[in-house]
């Protein structure tokens, strides 16, 4: 059990480093996807639970001021629906794995 936990921890560290290779920053301004320009605001971090371990992600956060400041954009978050589906599948997979332990 200790070896498996150690391997999950190592896998989590490697996954975190792989995901950190691209933080989504594409310059001070990017196309917001609706014909406007979104301005870089800051980097934000988020922790997600994977099958291996918790992983911290750092991503660029952009804001489109022409849309009332309510629409945030980022090159890594434009396909939000697909990401949410993948996240749900990963959470379901993690739960299934935990039940088999």
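Just so it is clear, none of the values below were taken in a lab; they were calculated from the coordinates. All figures in this text were calculated on a predicted structure; none of them were measured in a lab. Ideal geometry is used to build each Cβ from the backbone, glycine not excepted, and the neighbour counts take in all protein chains shown.
Some values worked out for this structure:
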| item | result |
| --- | --- |
| Fewest-first sequence of 62, 43, 25 by Cβ atoms within 10 Å of each Cβ | 43, 25, 62 |
| Modelled FRET efficiency - R0 25 Å, residue 42 with residue 14, Cβ distances, 0.05 increments | 0.40 |
